[in-house]
1. Can you give me the Cα centroid spacing of region 106-151 and region 28-97 in angstrom?
2. Can you tell which of Asp194, Asp203, Asp164 shows the greatest fluctuation in a Gaussian network model of the chain with Cα springs below 10 Å?
3. Looking at the chain only, what percent of DSSP beta bridges run antiparallel? Nearest 5 please.
4. Calculated FRET efficiency, Val4 and Ile101, Cβ-Cβ r, R0 41 Å, to nearest 0.05?
5. Can you work out the PRE-style zone for Glu201? Point 7 Å along Cα to Cβ, and I want the residues of region 162-178 with backbone N under 19 Å.
6. Report the residue, chosen from Gly211, Gly33, Gly200, that carries the largest GNM mean-square fluctuation when the chain is represented by alpha-carbon nodes joined by springs under 10 Å.
7. Roughly what would the spin-label model give for Thr188 and Arg78, points 7 Å off Cα along C-beta, in nm?
8. What dipole magnitude, in Debye to the nearest 20, does region 1-139 give about its Cα centre under +1 on Lys/Arg Cβ and -1 on Asp/Glu Cβ?
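All of the numbers you see were taken from the coordinates with simple rules; none came from a lab. Because the structure is predicted, anything quoted here is derived from the model rather than measured. Note: ideal-geometry Cβ built from the backbone for every residue, glycine included; neighbour counts use all protein chains shown.
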Amino acid sequence: MSEVNKVVATPSQAVAGIFDGAVVGIGGFGAAGTPYRLLLALAEQKPKGLTVVGTSPRQFEFLIQSGCVKKAITPFARYADPAAPNPLLEPYLKGELEVEILPLGNLVERLRAAGAGIPAFYCPVGIGTIVEEGKEKKTFGQQECILEYALPLDFALIKAHKGDRLGNLVYRMTARCHNPVMAVAAKTTIAEVDEVVEVGELDPEAVVTPGIFVHRVVKAERPPLDWVYRGIKVARKT
């Protein structure tokens, strides 16, 4: 029997097979922990009708610009800079893009529930806001809650600091964010890493995402910072 090796050569190979209509989770919070090389490769392959799940347009702007996205699920549907153009606004107003906004904690718990096999849960966050619209409510003691459903992913694109050929991953500081919860919520997890190391080099106590949750690993250089602010046209020039 050949040895397990989940490492692939290029980001394009890593995202191959992401099909039209897939639900794709994108790890990261702002620039930290976002798998930009995987996102660019996926945008160039141009799958259609994706539902993307991420913290803000910074995670999926490349995909919107390439016409890949049908729906975005996010807690923050704009950039932090109010002067920055919002990539969601124009396609939303044209009816080309559906946007679901929910609190970040609710989003992460929906992902965690998917990974844990929990179909739904009651949560007090969102009561009295637009978040509760159309959702079942129930009162526990004096606390009114809304019913939130698990959010399973077809694919998770995540970013880690180091990985080995078995798919074990460690993260660096805040870049860890919710990449681990994305990994357990997905049928197929694809990890972009700064460095691939030999099996046994990672301290087992430091491994946050075990290889059982990871299906492909690709080493990719960190992108220039202007990718984050100037979009896919700049990225394609590098």
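1. If we compute the Cα centre of each part, the gap is 24 Å.
2. Asp203
3. Numbers: 12 of 42 bridges.
If we restrict to bridges inside the chain, about 30 percent are antiparallel.
4. After rounding to 0.05, the efficiency reads 0.55.
5. 162-173
6. Comparing Gly211, Gly33, Gly200 in a Gaussian network model of the chain, the most mobile one is Gly200.
7. Each label point is offset 7 Å from its Cα along the Cβ direction, giving 3.6 nm.
8. Values: 14 positive and 13 negative charges, 34 e Å.
Computed charge dipole of region 1-139: roughly 160 debye.
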